[in-house]
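Enquirer: There's a structure below that I have some questions on.
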Amino acid sequence: MRRTKWFAAATVAAFVGAAGVAQAGDTFDSVMERGTVRCGVNTGLAGFSIADDQGNWTGLDVDYCRAVAAAVVGDSDKVEFVPLSAQQRFTALQSGEVDVLSRNTTWTLTRDVSLGIHFAGINFYDGQGFMVPADLGVDSAKQLDGAEVCVQTGTTTELNLADYFRAQNMSFKPVVFEGFEESLSAFFAGRCQVYTTDKSGLAAIKSVDAPNPDDYKILPETISKEPLGPSVRRGDDAWFAIAKWVLIALVQAEESGITSDNIDDMKANSDNPMVKRVLGASGDMGEKLGLDPEWAYRAIKQMGNYGEMYDRNVGMESPLGLDRGLNAQWTDGGLMYAPPIR
Amino acid sequence: MSVPNSGEKTELPPPKTQVGVIGWLRANLFNGWFNTLLTLIAGYILISTVPPLIDWLFLDAVWGMVDPEVCKQAEGACWTFIREKYRLILFGTYPFNEQWRPLVGVLLLLTVVGFSCNRRFWHPWLGAVWLATLLIYLMLLGGGVLGLTPVRTELWGGLPLTLLLAVVGIVVAFPLSILLALGRRSNMPIVKSICIGYIELVRGVPLITLLFMASFMLPLFMPTGVSIDALLRAQVAIIIFVSSYLAEVIRGGLQALPKGQYEGAESLGLTYWQTQRKIILPQALKISIPPIVNTYLGMFKDTSLVAIVSLTDLLLATRQAFADPEWRSFFVEGYVFIAIIYWCFCFFMSKYSQHLERVLDTGHKR
């Protein structure tokens with residue numbers, strides 16, 4: 001008996017030894033002390049945060065974390081990714097397990113005000129839509145009365161679906177699934193006539209998963225707004241500002257035409273005052289944030305501007321092949337609009 | 001001279017319908033209209049499911065390293081997906097170049113499990129071997145010593161994590177549950193009520209609730225900035241849960257012993273612990289082997305619930321593998337693959353428990 005007790009104690013001790021204790025206090029200081037940014041990401045969502053064959057994290061949300069690490073610590077690899085489930089994410093941020101939550105999280109009033117977090121901006125504008133087989137002969141979501149709808153359970157998607165049909169005074173029959181892949185294969189097997197999820201997801205499903213993309217169409221209605229963005233803990237304004245302005249700098253870089261390829265050239269030769277301020281060639285933008293002058297230079301140099309991140313992970317260069325849509329620069333008719341860096 | 005009729009008759013062979021294949025069929029499959037009906041139904045189900053299954057699994061399956069597009073055209077399973085992603089499935093997000101470490105760890109652990117199964121090695125030093133093994137296992141995975149790169153527990157994943165949760169759960173929960181079972185049968189009111197309270201409280205809630213409490217509530221109660229490792233929290237939740245179930249299983253074994261065993265021990269002047277160790281527990285545990293193994297099998301599979309609190313066990317690692325948009329239509333192959341892994345471990349446990357029952361069967365055969 002004695003031996004087993006020792007054994008149990010030793011096992012626990014070994015765990016605690018491996019675990020260590022997170023540092024208290026100011027987020028920026030603890031990040032610098034640790035040398036890494038701890039970033040909460042999705043456990044697996046194509047295009048946003050996904051582990052590749054070698055277990056490396058990639059995706060739009062992941063790249064934002066890497067950009068923050070490049071700006072703050074100096075190296076985009078100095079990130080500790082913590083995969084989080086939907087239920088876990090806010091607790092993990094509040095309790096200090098992660099410094100930044102970049103996990104395709106919709107910005108809502110309740111979350112912003114009552115969960116002890118601050119949204120630092122929006123890195124992807126999404127909205128829920130419907131997909132139907134083309135031969136169903138439906139052109140509008142208003143014609144879906146009585147339809148069987150495949151939907152993933154436990155998401156806001158399910159709630160939005162119910163809200164929309166109630167508002168339109170229509171009935172529907174939900175066919176719910178726990179897993180994304182299961183719900184998809186049910187739709188393609190004809191278990192339901194309609195599939196609903198975010199429109200970015202629908203576009204990807206249509207191009208990647210559909211046996212023949214032309215057999216399906218996405219209805220024009222967007223039934224919810226889903227602005228997705230990173231968030232930080234409340235009560236640390238300096239860190240909040242860093243998280244916010246790294247995102248803004250990435251968007252501004254695209255607007256100013258700064259890319260990871262031409263950035264050195266731009267830094268040396270550009271006369272554009274905005275470019276010079278972003279890249280730290282003039283002004284004291286970094287100092288105001290508590291960082292060095294080259295914070296944005298490193299983020300853009302190592303990770304590319306917002307457009308490059310988009311194309312690489314969810315856009316035309318990725319398997320998902322989404323067009324820019326609402327996520328285009330405001331100068332191109334989209335919603336990406338960076339407040340001035342000055 | 002004719003041979004007088006001795007009255008003996010030559011033995012005729014039994015009728016053809018009673019022996020051989022036909023006889024066996026008649027006796028086992030077609031005796032009576034009801035069994036005939038059942039046989040026909042079962043036969044129909046087998047014929048309509050087994051050949052398509054074999055086609056899907058093997059004959060029409062894609063085995064080579066091809067593009068996902070090629071796989072989608074195929075009728076059968078796409079094992080290319082497993083070949084492409086097996087390291088992600090087996091090791092999760094553990095750093096790619098360091099994956100030999102969990103591999104060595106798993107092999108070491110399985111070796112020690114293997115030879116612990118042999119009664120010849122059941123000596124006091126086996127406990128020390130186990131302690132050393134688990135420490136080496138944690139060191140291999142965690143690094144930070146002997147020049148191994150440190151790897152945070154968030155990155156541990158796949159099979160090594162599942163095995164860690166299961167093995168540590170089994171090894172730690174077992175002594176704990178013995179104490180709980182003895183405590184519940186104790187005459188000391190405080191010990192008894194603590195044990196009853198613990199067992200009934202923990203048995204009354206689902207494992208998922210414990211995991212949620214450990215993962216979501218506990219961090220909020222901790223002082224700001226202090227956090228306990230997520231893996232440790234889940235591991236403790238599993239140990240707490242399993243030990244309460246196991247305590248009741250062992251208590252069942254204790255109650256099966258006749259009172260004479262206790263009285264005999266008392267009359268020999270044995271102390272309480274001597275009685276338990278030399279007389280009671282050896283018999284009680286032997287009786288309880290089937291339900292103990294039952295609990296362990298359930299617990300081994302329940303470790304997959306940690307996927308809900310984002311520990312990348314075998315199940316979540318597999319899900320991460322088919323989160324890749326190019327391969328996500330092959331999730332069935334992924335599930336089949338890990339089902340086979342789970343089955344192998346469970347089958348081994350179940351076979352071993354049967355073996356143990358046989359070799360320990362000393363005088364209670366009915």
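Enquirer: Which residue, of B:L305, B:L281, B:L246, B:L285, is farther than 29 Å from A:P83 by Cβ, under 15 Å from the mean Cα position of the chain (by Cα), within 14 Å of another protein chain (Cβ to nearest Cβ) and in a helix (DSSP H, G or I)?
Expert: Just one listed residue meets the conditions, B:L246.
Enquirer: I would also like to ask the following. From B:G114, B:G147, B:G143, which residue is of a type outside the set (A, V, I, L, M, F, W, C) and either within 13 Å of another protein chain (Cβ to nearest Cβ) or surrounded by 20 or more Cβ atoms within 10 Å (Cβ to Cβ) (or both)?
Expert: On the way: B:G114 fails: either within 13 Å of another protein chain (Cβ to nearest Cβ) or surrounded by 20 or more Cβ atoms within 10 Å (Cβ to Cβ) (or both); B:G147 fails: either within 13 Å of another protein chain (Cβ to nearest Cβ) or surrounded by 20 or more Cβ atoms within 10 Å (Cβ to Cβ) (or both).
The unique qualifying residue is B:G143.
Enquirer: Now for a different question. Please determine, by comparing only the residues of the range B:77-111 that are more than 24 Å from the chain's Cα centre (by Cα) and of a type in the set (K, R), which one is surrounded by the most Cβ atoms within 10 Å (Cβ to Cβ).
Expert: It comes out as B:K85.
Enquirer: Which residue pairs have Cβ atoms closer than 8 Å, lie 6 or more positions apart in sequence or on different chains, and pair a first residue in the range B:318-329 that is more than 7 Å from chain A (Cβ to nearest Cβ) and open to solvent by less than 30 Å² (accessible area, probe 1.4 Å) with a second residue that is in a loop (DSSP other than H, G, I, E, B) and not polar (S, T, N, Q)?
Expert: Correct list of pairs: B:A321/B:W327.
Enquirer: Give me the pairs, please: first residue somewhere in the range A:258-280 and free of Cβ contacts under 8 Å to residues at least 12 places away in the same chain, second residue anywhere and part of a helix (DSSP H, G or I), beta-carbon distance under 8 Å, and either six or more positions apart or on two chains.
Expert: Here the result reads A:S270/A:K276, each pair linking the range A:258-280 to a residue that is part of a helix (DSSP H, G or I).
Enquirer: Can you tell me which residue among A:G116, A:G59 is within 14 Å of another protein chain (Cβ to nearest Cβ) and surrounded by fewer than 21 Cβ atoms within 10 Å (Cβ to Cβ)?
Expert: A:G116 is the lone residue from the list that is within 14 Å of another protein chain (Cβ to nearest Cβ) and surrounded by fewer than 21 Cβ atoms within 10 Å (Cβ to Cβ).
Enquirer: Hey, can you tell me all the residues within the range A:287-342 that are surrounded by fewer than 18 Cβ atoms within 10 Å (Cβ to Cβ) and in a helix (DSSP H, G or I)?
Expert: Selection gives A:E287, A:K288, A:D311, A:G325, A:W330, A:T331, A:D332.
Enquirer: Select from the range A:32-46 the residues that are under 15 Å from B:A321 (Cβ atoms) and open to solvent by 20 Å² or more (accessible area, probe 1.4 Å) and list them in ascending order. Full working, then the answer.
Expert: Within the range A:32-46, the subset under 15 Å from B:A321 (Cβ atoms) is A:42-46.
Selection gives A:T43, A:G44, A:L45.
Enquirer: I would also like to ask the following. Given the criterion among the β-branched types (V, I, T), within 23 Å of B:V168 (Cβ to Cβ), touching a residue at least 12 places away in the same chain (Cβ under 8 Å) and open to solvent by 30 Å² or more (accessible area, probe 1.4 Å), identify the matching residue among B:I308, B:I289.
Expert: Checking each option against the conditions leaves just B:I308.
Enquirer: Sticking with this structure for a sec: Exactly one of these conditions fails for B:A230: (1) more than 14 Å from chain A (Cβ to nearest Cβ); (2) under 24 Å from the mean Cα position of the chain (by Cα); (3) closer than 20 Å to B:V172 by Cβ. Give me its number.
Expert: (1)
Enquirer: Test A:Y337 against the stated conditions and say whether it is in the same structural domain as A:V79 (by the TED database), hydroxyl-bearing (S, T, Y) and touching a residue at least 60 places away in the same chain (Cβ under 8 Å).
Expert: Working: in the same structural domain as A:V79 (by the TED database): no; hydroxyl-bearing (S, T, Y): yes; touching a residue at least 60 places away in the same chain (Cβ under 8 Å): yes.
Here the answer is no, as A:Y337 does not meet what is asked.
Enquirer: Only helices (runs of 4 or more DSSP H) wholly contained in the range A:194-282 count here; list those with 1 or more residues that are open to solvent by less than 20 Å² (accessible area, probe 1.4 Å) and in the same structural domain as A:F119 (by the TED database).
Expert: Qualifying helices (runs of 4 or more DSSP H): A:237-255, A:263-269, A:273-278.
The values are calculated or read from the model by the stated rules, or taken from the named source; none is laboratory data. All figures in this text were calculated on a predicted structure; none of them were measured in a lab. Backbone-built Cβ (ideal geometry, glycine too); neighbour counts: all protein chains shown. These area figures cover heavy atoms from the full protein model, side chains too; ligands, DNA and RNA do not enter into them. Shrake-Rupley method; radii C 1.70, N 1.55, O 1.52, S 1.80 Å.
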